[in-house]
Structures are given as structure tokens and as C-alpha cells.
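Structure first, commentary second.
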Amino acid sequence: MSRVLVVKVGTSLLRGNNGSSTTQFIASLAASLSAERSKGNGVALVTSGAVGLGCQELGLGKRPQLVEELQAAAAIGQGQLMGLYADAFRCHGQTVAQVLLTRSDLASNRRFQSASRTLKQLLIWNVLPIINENDTLATEELRFGDNDTLSALVAVALQADELILLTDVDRLYSADPRQNQGATPISEVQNLAELDALQSVASGGGQWGTGGITTKLAAARIATASGIQVKLADGRDPNVLAELLAGVCHGTRFIPSPSPIPDRKRWLAHAPVPEGSVRVDKGAELALLNQGASLLPVGVVAIEGNFDRQAPILILAMDGRKLGIGLSAYASGELKRCLGLKSQMVQQLDPQLPEAVIHRNQLVITAV
């Protein structure tokens with residue numbers, strides 16, 4: 001196939017707007033994505049909306065707060081959501097597949113690769129995957145928390161060329177335009193440093209969404225760091241998606257990194273849930289950032305959390321900045337015994353312990 005793209009739509013769009021119903025919005029979405037698929041391009045759709053549709057069916061005036069209420073609402077809404085999508089795509093002769101994921105489905109490399117192979121096989125079979133978080137089963141600690149993050153991880157898993165985030169704002173701004181009349185529109189974000197600087201002015205989500213600009217910036221960071229172009233645009237306009245697919249400029253474009261994370265390390269950079277962290281001294285920080293070094297016990301000054309060998313852990317600078325993430329060759333108890341020790345002293349303490357806490361082949365630097 002010529003290219004692969006992932007499109008994400010949120011609850012605020014699916015609930016309808018400007019006189020357009022949920023059914024009409026999905027019909028327009030299906031027409032645009034089916035047309036793109038007919039060109040021989042791979043397309044995956046990441047959708048929210050199950051909880052919102054469930055609440056609508058129940059006549060609830062506001063989003064529930066209790067986990068069991070949200071899960072029950074999702075159970076009601078998910079079937080309705082897929083029914084609407086299946087009917088809309090069937091009009092264009094496009095087969096769709098439902099894929100429900102939780103954080104644990106992508107938390108190990110084995111399961112991440114399994115999900116990746118399944119999604120790629122659906123594209124090979126000319127099937128359009130429709131992906132949502134499994135809200136009915138996901139517990140709080142296993143949730144993505146928003147489908148922006150999920151869409152970015154799906155794009156990484158598919159090795160997509162582009163991620164399109166459709167939302168209810170026309171573009172990214174230098175500040176929240178609802179509170180700051182001097183906010184200026186941003187048409188392009190050129191690198192990770194610019195993207196990270198925008199996090200400080202990002203706003204939270206609304207009543208029916210769990211995302212907001214903050215999570216969209218986080219999704220853009222995940223995708224662009226892996227070499228994937230990201231576009232954020234106004235999904236309320238029924239013409240925007242078709243025009244984006246045709247190459248027309250809308251909203252904000254995030255330029256992919258010219259030095260993306262290698263394929264074999266992309267899962268490690270974004271998908272695992274860290275089980276602890278280590279804080280390193282300035283010498284270790286510079287060696288990690290500038291020399292591509294492994295992390296040795298001598299550079300570790302503090303440990304947080306209890307973790308086993310091969311657990312994903314964060315690497316933090318002395319001031320708490322996140323430097324990267326890696327798979328620890330030490331259990332936390334083993335590492336506590338070796339804090340600050342040179343390799344020779346570690347070997348005298350226990351010859352069975354490895355030289356590196358995190359080998360450079362199992363480490364990803366995420367700091368700009």
C-alpha cells in the first residue's frame with residue numbers, strides 16, 4: 001500500500017454539532033476514509049464515543065464519575081457505536097473490524113508486537129480497523145486515559161506515515177484562546193523542543209472528553225519522535241478531513257523528527273508503564289545524552305519503587321527531568337546494594353550481577 005494513516009475522532013465530535021447528528025458525522029467520516037482506502041492506502045480509525053453514546057441512551061445529563069458507572073455506560077454505547085460505523089462503511093463496500101485495547105495489551109513488547117501484526121494483517125485484507133479503548137474492562141491503572149495517546153501508539157504500531165487528530169478546535173494556539181484574546185494561531189510545530197514548550201500553555205478537556213490540547217500535544221510527541229507526521233484540525237467542518245487527505249493545509253501540522261527512534265525501540269519509548277525510576281548524577285546524565293552510554297551503578301544516586309529484573313523504569317536527572325526509559329537488568333533490591341559503586345566493586349560484591357543497570361540496547365533517551 002502507498003501509505004498508512006491513522007485518524008482519531010473524539011467524543012465531542014461524535015455527539016454531533018452545528019445541526020449534525022452522530023449518524024451524519026459518522027456517515028461523512030466513513031465516506032472520506034473509504035475513499036482514501038479505495039486509493040490503496042492503509043487506514044485505521046481510533047474512536048472515542050462509547051461512554052458518551054451510553055450516557056445518551058440512558059438520558060444522563062452529565063458524564064458519570066464512578067468507574068463502574070463509566071464501564072457500564074461503555075458497555076451500552078460500544079455496541080451502538082460499532083453498529084453505526086458498520087452501517088456507514090457498508091454503504092461504501094468497506095469492511096470494518098472492531099479492536100478494543102487496554103494499556104496492558106501494549107505494555108509488554110510481545111503483546112505490542114502481537115497487536116501490531118494483527119492491525120497490519122487487517123490492512124492487508126483491505127479491512128479498516130476501528131479501535132477504541134476497552135472502557136468496559138479497563139481499570140484505572142490500566143487505562144490510557146484518553147484516545148489521543150492510544151491513537152499515537154496505534155500509529156507507532158502500524159509504522160504509519162501520518163496521524164490526523166480531529167478535534168473541536170480549528171488549530172493549536174500560543175495560549176488558550178478562550179481566556180486570552182491575544183492568543184496567536186500556530187500553523188506548524190517544527191521540532192520536539194517547540195512542542196514541549198507548548199505544554200505549559202495547554203488546556204484540559206471539556207465535560208464530555210477526557211483529552212484536551214494537553215493530551216494531543218503528548219500524542220504528537222509520541223508520533224513525531226517515531227518519524228510520523230501529525231495534523232491537528234477541526235473535525236466539526238465536514239469538508240476538513242477530505243481536504244486534509246487531498247493535501248490541503250488545515251489546522252496545525254507537527255513535523256516528524258529527522259532522527260526518529262529506531263523501530264526496535266519505539267515500543268520501549270512509549271508503550272510500557274514504568275514500574276519505578278532511578279535518579280542519576282550529572283556525569284551519568286552527560287554520558288547517556290552525549291555518548292550513547294549504558295547506565296552503570298556508579299552513576300545511580302537514588303531509586304524509587306520496587307521492581308524486578310527487566311522491568312521498565314524511568315531515568316531521571318538530579319533535578320527530576322525525565323531523560324529516558326529502559327529495561328532494568330537489576331531488581332530494585334539488588335540495585336540498592338550497589339548505588340554509586342564502580343563496576344569492579346559490584347563484581348566483588350556479587351559476580352552474578354551485570355555490569356550495566358540498563359544496557360544501551362535496552363534504553364531510549366527521550367529528552368530533547
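The values are calculated or read from the model by the stated rules, or taken from the named source; none is laboratory data. Just so we're clear, the structure is a prediction, and the values are computed from it rather than from any experiment. Quick reminder, even Gly has a Cβ in these numbers, built from the backbone with ideal geometry, and neighbours come from all protein chains shown. Calculation scope for accessible area: heavy atoms of the full protein, side chains included, ligands and nucleic acids excluded. Shrake-Rupley method; radii C 1.70, N 1.55, O 1.52, S 1.80 Å.
Right, Lys39: of a type in the set (Lys, Arg), more than 25 Å from Leu158 (Cβ to Cβ) and over 23 Å from the mean Cα position of the chain (by Cα) or not?
On the way: of a type in the set (Lys, Arg): yes; more than 25 Å from Leu158 (Cβ to Cβ): no; over 23 Å from the mean Cα position of the chain (by Cα): yes.
For Lys39, the condition - of a type in the set (Lys, Arg), more than 25 Å from Leu158 (Cβ to Cβ) and over 23 Å from the mean Cα position of the chain (by Cα) - is not met.
Do we find that Arg321 is basic (Lys, Arg), at pLDDT 95 or above and over 26 Å from Ser104 (Cβ atoms) in this structure?
no
Modelled with pLDDT of 85 or more, assigned to a strand (DSSP E or B) and of a type in the set (A, V, I, L, M): does that describe Leu163? Outline the logic, then answer.
Working: modelled with pLDDT of 85 or more: yes; assigned to a strand (DSSP E or B): yes; of a type in the set (A, V, I, L, M): yes.
Yes; evaluated as a whole, the condition is true for this residue.
Spot the failing condition for Ala302; the list is (1) assigned to a strand (DSSP E or B); (2) in contact with a Pro (Cβ under 8 Å, 6 or more places away or on another chain); (3) open to solvent by 20 Å² or more (accessible area, probe 1.4 Å), and only one is missed.
Just one mismatch for Ala302, condition (2).
For the subset of segment 269-280 comprising residues that are more than 14 Å from Val364 (Cβ to Cβ) and open to solvent by 50 Å² or more (accessible area, probe 1.4 Å), which member is nearest to the chain's Cα centre (by Cα)?
Within segment 269-280, the first condition is being more than 14 Å from Val364 (Cβ to Cβ), and the residues that meet it are 273, 275-280.
So of that shortlist, the ones also open to solvent by 50 Å² or more (accessible area, probe 1.4 Å) come out as 273, 275, 279.
On the way: Val273: 12, Glu275: 18, Arg279: 25 Å.
Only one residue fits best here, namely Val273.
Tell me which residues, restricted to segment 200-236, are of a type outside the set (Gly, Ala, Ser), surrounded by 19 or more Cβ atoms within 10 Å (Cβ to Cβ), modelled with pLDDT of 85 or more and under 23 Å from Asn180 (Cα atoms).
Correct list: Thr215, Lys216, Leu217, Leu232.
Taking the residues in segment 81-107 that are in contact with a Ser or Thr (Cβ under 9 Å, 6 or more places away or on another chain) and in a loop (DSSP other than H, G, I, E, B) as candidates, determine which candidate is most open to solvent (accessible area, probe 1.4 Å).
The residue in question is Cys91.
Output yes when any residue across segment 285-298 is under 28 Å from Ala193 (Cβ atoms), in contact with a His (Cβ under 9 Å, 6 or more places away or on another chain) and open to solvent by 10 Å² or more (accessible area, probe 1.4 Å), and no when none is. Break it down stepwise before answering.
We begin by selecting, within segment 285-298, every residue under 28 Å from Ala193 (Cβ atoms); these are 285-295.
Among the residues that remain, those that are also in contact with a His (Cβ under 9 Å, 6 or more places away or on another chain) are: 294-295.
Subset that is open to solvent by 10 Å² or more (accessible area, probe 1.4 Å): 294.
Yes, some residue in segment 285-298 is under 28 Å from Ala193 (Cβ atoms), in contact with a His (Cβ under 9 Å, 6 or more places away or on another chain) and open to solvent by 10 Å² or more (accessible area, probe 1.4 Å).
Cβ-Cβ distance below 8 Å, separation of 6 or more or different chains: which pairs start in segment 252-281 with a residue that is closer than 23 Å to Phe112 by Cα and end on one that is of a type in the set (Lys, Arg) and open to solvent by 30 Å² or more (accessible area, probe 1.4 Å)?
From segment 252-281, the pairs are Val273/Arg103.
Can you give me the number of residues within segment 56-80 that are open to solvent by less than 60 Å² (accessible area, probe 1.4 Å), without any contact (Cβ under 8 Å) to a residue 24 or more places away in the chain and either on the phi > 0 side of the Ramachandran plot or not in a helix (DSSP H, G or I) (or both)?
Total satisfying the criteria: 1.
Looking at segment 40-55, which of its residues are in contact with a helix residue (DSSP H, G or I) (Cβ under 9 Å, 6 or more places away or on another chain) and without any contact (Cβ under 8 Å) to a residue 60 or more places away in the chain? Walk me through it before giving the result.
Keep residues of segment 40-55 that are in contact with a helix residue (DSSP H, G or I) (Cβ under 9 Å, 6 or more places away or on another chain), which gives 41-55.
Asn41, Leu53, Gly54, Cys55 - these are the residues of segment 40-55 that are in contact with a helix residue (DSSP H, G or I) (Cβ under 9 Å, 6 or more places away or on another chain) and without any contact (Cβ under 8 Å) to a residue 60 or more places away in the chain.
Among the residues of segment 310-350, which ones are open to solvent by less than 10 Å² (accessible area, probe 1.4 Å), assigned to a strand (DSSP E or B) and not aliphatic (A, V, I, L, M)?
Scanning segment 310-350 gives Gly324, Gly326.
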